[in-house]
Amino acid sequence: MTHLPTRMIARTVAALAALLILIACEKPFDPASLIQSRRFLAIVAEPLEVAPGGTVVFRAVVTDANGTLYRGPIGWTVVGGDALRLEGGSDLLGDVVEQAADEPFIWQVPDREELTKRFGALEENGLLLTVAASAFASGDLFGGDLVGEPIPAFKLFVVSEREPSERWTNPILERVSVTAPSEGNLEPDENGEYRTDADKVILEAVPGEWGDRISFHWFSTESDFDPDDGAVQTFAPGSKKRFRVYCVLRNSYFFQHDDATRTRVTGIDWEAVDLRFE
């Protein structure tokens with residue numbers, strides 16, 4: 001675990017605290033599907049539920065305004081429960097650690113004794129934790145030359161002593177198929193692009209397992225795209241002839257607390273598709 005310099009901790013904590021204000025205001029992206037600035041689409045925790053003493057790998061899915069994956073610096077922290085979202089306050093933030101956006105943040109979960117000292121006792125169904133991330137525009141976390149205001153996001157995950165077969169898992173997005181009605185199934189070229197001269201294409205997200213808890217969330221740099229929450233979406237050339245599409249697959253669970261309240265926790269997988277209309 002690599003610690004940030006004090007000045008970088010202060011900036012990262014400020015960014016995470018700003019996240020609380022954004023949540024309180026409940027001001028969504030408008031429209032939510034349109035990528036027009038640097039933003040988090042998801043944070044993936046693998047595994048979603050882990051035993052004390054285990055390891056969790058966190059990966060941030062962050063895009064730049066042009067839809068490409070962001071490769072700048074990210075600061076991370078792990079805090080207990082759902083307090084970061086519900087209560088706020090920078091005093092809830094723990095040690096901030098550094099990890100670049102193009103590398104995963106790997107967190108070694110403490111053993112049960114240390115875990116309860118840091119985050120409180122396990123409930124009957126385990127311990128709900130939050131990983132918070134703050135993405136800076138560019139620069140070096142250690143060099144102190146960070147540029148721009150950081151963008152924050154958070155992700156809930158679970159630590160429990162349940163049997164591995166009973167633990168919550170992320171969904172699997174097996175593929176996103178691309179079809180042009182006049183051409184049939186399309187395959188990517190050497191640059192990874194799906195090219196077509198058709199007037200539209202159909203994208204279908206295929207999960208490894210279907211269920212009532214599965215939901216599909218689509219994002220694109222194409223402003224004329226207005227998706228629903230289904231597995232199948234239709235794209236036509238609008239303001240752009242060439243653009244990227246993201247599908248984020250979510251599987252929802254509900255963490256039952258000892259006081260009978262519930263908190264939703266989502267498992268995540270995702271895929272990106274590059275389209276070019278000629």
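The values are calculated or read from the model by the stated rules, or taken from the named source; none is laboratory data. Fair warning: this is a prediction, and the values are worked out from it, not measured in the lab. Quick reminder, even Gly has a Cβ in these numbers, built from the backbone with ideal geometry, and neighbours come from all protein chains shown.
Regarding segment 19-34, can at least one residue be identified that is under 18 Å from the mean Cα position of the chain (by Cα), assigned to a strand (DSSP E or B), surrounded by 13 or more Cβ atoms within 10 Å (Cβ to Cβ) and at pLDDT 55 or above? Checked segment 19-34: at least one residue is under 18 Å from the mean Cα position of the chain (by Cα), assigned to a strand (DSSP E or B), surrounded by 13 or more Cβ atoms within 10 Å (Cβ to Cβ) and at pLDDT 55 or above.
Strands (runs of 3 or more DSSP E) fully within segment 40-145 that include at least 1 residues being at pLDDT 80 or above and either within 20 Å of the chain's Cα centre (by Cα) or not hydrophobic (A, V, I, L, M, F, W, C) (or both): 55-63, 73-80, 105-108, 127-135. On the given criteria, is Glu193 closer than 23 Å to Val44 by Cα, more than 20 Å from the chain's Cα centre (by Cα), at pLDDT 90 or above and surrounded by 14 or more Cβ atoms within 10 Å (Cβ to Cβ)? When the stated conditions are applied, Glu193 does not pass them.
Among the residues examined, Gly208 does not qualify as buried (at least 17 other Cβ atoms within 10 Å of the Cβ) and under 21 Å from the mean Cα position of the chain (by Cα). Is it the case, given these coordinates, that Arg162 is of a type in the set (Lys, Arg) and under 21 Å from the mean Cα position of the chain (by Cα)? Against the criterion (of a type in the set (Lys, Arg) and under 21 Å from the mean Cα position of the chain (by Cα)), Arg162 does not qualify. Counted as qualifying within segment 151-255 are the strands (runs of 3 or more DSSP E) with 3 or more residues that are of a type in the set (Phe, Trp, Tyr), namely 214-220.
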